[in-house]
């Protein structure tokens with residue numbers, strides 16, 4: 001029986017697990033129930049657990065009966081702080097928290113892949129590592145796993161890593177295989193303006209940080225529109241502003257926060273420099289001083305040519321060529337990219353959109369996944385591991 005047929009045969013189990021996870025979402029680094037459930041399910045497959053000493057997240061190892069290389073597969077397990085809108089499927093039982101990005105879908109896909117591959121243990125030439133990563137939504141979970149010794153505690157460092165993310169804009173049954181940038185890197189910034197407080201009725205005696213702040217926000221729009229090559233993908237956004245409380249006071253401090261998203265590091269560095277120049281210059285023009293602080297985020301998710309070829313081969317083992325798509329990259333960020341700084345990695349998008357209807361985007365209260373795509377998610381990850389191991393073993397990469 002082919003891999004996808006095997007996956008379809010367990011669709012009922014995959015859907016039931018997806019519903020269970022969806023009803024009990026947990027925020028980043030709080031995925032205690034999810035972790036316990038995954039440990040129970042993976043232990044039932046006879047996989048070895050690798051203890052990182054973390055409270056959440058699971059690492060499991062499948063040793064093939066035959067010698068070979070090592071490939072890793074990854075899924076994220078956390079949810080977001082958002083109230084789910086009512087619908088006719090499984091609903092979150094926790095107020096204010098929902099799986100609004102489909103990490104429950106990814107988790108079940110990876111579990112399904114573990115089931116498929118565990119059934120092939122005797123024929124498997126090599127090892128497969130299954131990474132169930134916590135805290136992707138705060139883009140800290142991948143680094144936390146590395147900081148807890150992930151690569152040192154495995155029998156050997158994986159040579160390839162594959163992961164996927166649902167994509168509601170793509171219809172179910174579609175696999176996106178893209179070379180180069182797939183998702184954006186990001187960094188965060190904090191801008192603090194200092195002026196001189198006073199009475200609202202005597203503006204000439206004050207230095208108003210709110211007026212200066214408004215001018216800074218407007219000026220920062222030119223970081224992309226006038227200082228970035230139109231062929232480079234950059235987003236520079238002010239996402240919060242905090243200043244003042246009473247109605248009759250001019251405040252003396254304003255703080256704003258935001259992010260820069262990018263596909264190329266040189267474009268990121270240029271945007272950072274321009275943001276700082278504009279902020280300090282505009283603030284000075286309004287009689288204020290400015291402090292600009294940058295906070296590291298995550299790099300861009302970039303698929304290498306070598307792994308793109310392997311991913312395309314895996315996809316075409318499962319679906320017809322017209323179901324393998326090459327959409328444009330996205331400006332959202334993924335800390336899967338952090339693993340990619342240490343292991344050659346490939347990131348798929350998998351269509352999860354319901355055919356013939358509107359499909360709300362990630363982080364929307366109406367977001368849903370078409371769970372008939374779960375068998376394909378499981379088969380795709382499993383097939384990627386098999387293709388990766390075959391490539392390593394052919395080239396002596398074990």
Open item on the list: Can you tell me which residue is farthest from the chain's Cα centre (by Cα) among those in segment 296-317 that are modelled with pLDDT of 95 or more and part of a strand (DSSP E or B)?
Closed with: 303
Task: Filter pass, residue 322 being at pLDDT below 95 and exposed (fewer than 15 other Cβ atoms within 10 Å of the Cβ) - done: no
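So which of 96, 102, 57, 89 ends up being surrounded by fewer than 18 Cβ atoms within 10 Å (Cβ to Cβ), assigned by TED's automatic domain parsing to the domain that holds residue 371 and on the phi > 0 side of the Ramachandran plot?
Of the residues listed, the single one that is surrounded by fewer than 18 Cβ atoms within 10 Å (Cβ to Cβ), assigned by TED's automatic domain parsing to the domain that holds residue 371 and on the phi > 0 side of the Ramachandran plot is 96.
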Open item on the list: Please determine whether any residue of segment 342-360 is in a helix (DSSP H, G or I) and farther than 23 Å from residue 160 by Cβ.
Closed with: no
- [ ] Answer yes if at least one residue in segment 74-81 is surrounded by fewer than 24 Cβ atoms within 10 Å (Cβ to Cβ) and either modelled with pLDDT of 95 or more or under 16 Å from the mean Cα position of the chain (by Cα) (or both), and no otherwise.
- [x] yes
Open item on the list: Based on this model, can you work out whether residue 62 counts as in the same structural domain as residue 362 (by TED's automatic domain parsing) and either buried (at least 24 other Cβ atoms within 10 Å of the Cβ) or more than 13 Å from residue 132 (Cα to Cα) (or both)?
Closed with: yes
- [ ] Restrict the check to segment 14-36 and report whether at least one residue is in contact (Cβ under 8 Å) with a residue 60 or more places away in the chain, within 24 Å of residue 122 (Cα to Cα) and either under 18 Å from the mean Cα position of the chain (by Cα) or outside the structural domain of residue 377 (by TED's automatic domain parsing) (or both).
- [x] no
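Every residue, every condition in (1) touching a helix residue (DSSP H, G or I) at 6+ places or on another chain (Cβ under 7 Å); (2) farther than 29 Å from residue 335 by Cα; (3) in contact (Cβ under 8 Å) with a residue 12 or more places away in the chain, yes or no:
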site: 195; (1), (2), (3): yes, yes, yes
site: 209; (1), (2), (3): no, yes, yes
site: 220; (1), (2), (3): yes, no, yes
site: 227; (1), (2), (3): yes, no, yes
site: 246; (1), (2), (3): no, yes, no
site: 265; (1), (2), (3): no, no, yes
site: 279; (1), (2), (3): yes, no, yes
- [ ] Could you check, for segment 368-383, whether at least one of its residues is modelled with pLDDT of 95 or more and at positive phi?
- [x] no
Open item on the list: Return the residues of segment 285-309 that are within 21 Å of residue 207 (Cβ to Cβ) and surrounded by 13 or more Cβ atoms within 10 Å (Cβ to Cβ); say none if nothing qualifies.
Closed with: 286, 287, 288, 289, 290, 291, 292
Task: Residues located in segment 238-259, provided they are exposed (fewer than 15 other Cβ atoms within 10 Å of the Cβ) and modelled with pLDDT of 95 or more - done: 239, 240, 242, 253
TODO: For segment 122-162, enumerate the residues that are surrounded by 23 or more Cβ atoms within 10 Å (Cβ to Cβ) and touching a helix residue (DSSP H, G or I) at 6+ places or on another chain (Cβ under 6 Å).
DONE: 126, 128, 130, 132, 133, 134, 135, 142, 160, 161, 162
TODO: Would you check if residue 68 is in contact with a strand residue (DSSP E or B) (Cβ under 9 Å, 6 or more places away or on another chain), surrounded by 15 or more Cβ atoms within 10 Å (Cβ to Cβ), over 17 Å from residue 126 (Cα atoms) and in contact (Cβ under 8 Å) with a residue 40 or more places away in the chain?
DONE: no
- [ ] Please work out which one of (1) within 30 Å of residue 120 (Cα to Cα); (2) in contact (Cβ under 8 Å) with a residue 24 or more places away in the chain; (3) not in a loop (DSSP other than H, G, I, E, B) is the condition residue 369 fails and give its number.
- [x] (3)
Open item on the list: Could you tell me how many of the residues in segment 163-175 are surrounded by 23 or more Cβ atoms within 10 Å (Cβ to Cβ) and under 16 Å from the mean Cα position of the chain (by Cα)?
Closed with: 5
Open item on the list: I'm trying to understand the selection: among the residues of segment 106-115, which are surrounded by 23 or more Cβ atoms within 10 Å (Cβ to Cβ) and either farther than 18 Å from residue 56 by Cα or outside the structural domain of residue 76 (by TED's automatic domain parsing) (or both)?
Closed with: 109, 112, 113, 114
Open item on the list: So, in segment 363-398, how many residues would count as being more than 18 Å from residue 7 (Cα to Cα) and surrounded by fewer than 17 Cβ atoms within 10 Å (Cβ to Cβ)?
Closed with: 10
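The values are calculated or read from the model by the stated rules, or taken from the named source; none is laboratory data. Remember, predicted model here, so these are calculated numbers, not experimental data. Because the Cβ atoms are built from the backbone with ideal geometry, glycine has one as well, and the counts that use them run over all protein chains shown.
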